[in-house]
1. Give me the one-decimal nm value for the distance between modelled label points at Val32 and Gln101, 7 Å along each residue's Cα-to-Cβ direction.
2. In whole angstrom, note down how far apart the Cα centers of region 45-70 and region 287-312 are.
3. How long is the gain from Lys264 to Asp202 if the chain were fully straight, where each residue apart is worth 0.36 nm and the alpha carbon distance is subtracted?
4. Taking only Cα atoms and a 10 Å spring cutoff, compute GNM fluctuations for the chain and point out the largest among Ala219, Ala58, Ala150.
5. Between Gln280 and Glu68, 0.36 nm times their residue separation minus their Cα-Cα distance comes to what?
6. Which is the longest stretch in the chain that no exposed loop site breaks, taking sites as trypsin sites (Lys or Arg not before Pro) with a DSSP loop state and at most 12 other Cβ atoms within 10 Å?
7. For the chain, the longest stretch holding no GluC sites (Glu not before Pro) located in a DSSP loop with at most 14 other Cβ atoms within 10 Å is which?
8. Taking the Cα of Asp300, stepping 7 Å toward and past its beta carbon, and measuring to each backbone N in region 230-246: which are under 19 Å?
Amino acid sequence: MVDVLITVVELQSMEDQIRFDIFDWLKTRSVVNGGVFTRDELSYGYSFKGKTIHLMGASGIWIPKGFECPISITTTTKGPYNDGFREDGILQYSYRGKDPQHRENRGLRLACNRHIPLIYFISIKPSYYNAVWPIFILRDNPETLSVDAAIDISLDNPLGEYGNNEDIFSESALSVRRYITRQTKQRLHQSAFREHVLSAYDRQCTICRLQHPELLDAAHIIPDTELQGDPIVNNGLSLCKIHHSAYDQNILGISPDYTVHIRKDLLDEIDGPMLKHGFQELDLTNITLPSRKKDRPDRDRLADRFDRFRTA
């Protein structure tokens with residue numbers, strides 16, 4: 001009996017170790033991929049001590065081989081379930097099927113009871129996913145075939161008002177949860193916008209053709225704080241970080257005929273190879289356009305933004 005107990009404890013400890021190692025891996029990869037993961041890298045890209053750990057599988061509630069609890073839950077773009085965040089910041093996630101005793105549904109319940117953190121993958125287009133972690137299962141709802149979950153809302157207690165300290169955590173926990181959920185959803189929208197824009201531009205800077213995705217941004221033509229600043233591809237430009245900053249600071253502009261214009265005072269300045277090759281030689285050149293016409297920059301938005309450049 002003691003030997004079995006030790007084995008279970010060791011198993012839980014190993015699972016915890018793997019989970020937190022995976023969280024570090026996701027964070028590192030997010031710097032490179034902008035927070036958008038392909039299904040291939042989630043299925044085959046992570047290795048722990050020489051062993052491949054699949055972070056995603058055929059089922060939305062994914063329990064890797066040898067694990068007791070799920071490592072991740074997934075929502076796909078055209079899935080059969082109505083998963084999503086509610087106004088109170090809670091993620092309502094559906095069971096698999098209608099049997100509360102299905103192995104995967106029991107896995108969610110076990111994660112709830114043990115307060116084990118999971119990863120939530122949200123599909124933004126086929127085979128591409130945003131990742132949110134850590135997600136905690138707060139409550140099991142067999143009567144509605146679902147669970148309530150939340151992004152780590154903890155101040156001192158990850159269960160918040162669902163735990164034993166209901167009188168201590170109430171409106172405070174609710175406010176924190178709403179805030180974190182709002183910030184997370186904003187980040188997810190930004191990374192989804194980046195993925196769609198970079199994909200449209202074949203993952204290169206539209207001005208200098210740099211092809212290193214980790215050095216590329218999706219720049220808004222009209223800022224997202226304004227009326228026409230929709231997070232859509234034709235309000236976006238794929239720009240390297242230098243040209244993105246220059247665009248935001250009106251050092252360069254792009255006219256409605258897709259021509260690059262460098263600020264006049266920089267054309268006469270002598271400063272070195274970066275200024276010469278990175279800016280001066282690009283004056284009056286044409287940007288590289290997306291192959292699909294519907295993805296090309298909106299000319300009216302470009303005209304509005306170009307007027308600002310000329311008067312800056």
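Coordinate-derived values only; no laboratory data. These numbers were taken from a predicted model, which means no experiment stands behind them. For neighbour counting, all protein chains shown are included, and Cβ atoms are generated from backbone atoms with ideal geometry for every residue, glycine included.
1. That separation, rounded to one decimal, is 4.5 nm.
2. Computed from Cα coordinates, the inter-centre distance equals 44 Å.
3. Working: separation 62, 0.36 × 62 = 22.32 nm, distance 3.03 nm.
Contour length minus the Cα-Cα distance gives 19.3 nm.
4. Result: Ala58 has the largest fluctuation of those listed.
5. On the way: separation 212, 0.36 × 212 = 76.32 nm, distance 5.98 nm.
Extra length from Gln280 to Glu68 when fully extended: 70.3 nm.
6. Longest stretch, sites excluded: 99-208.
7. Values: sites that count: Glu87, Glu166, Glu226, Glu269.
Excluding the exposed sites themselves, the longest stretch runs over 1-86.
8. Under 19 Å, as judged by backbone N against the label point of Asp300, lie 230-237 of region 230-246.
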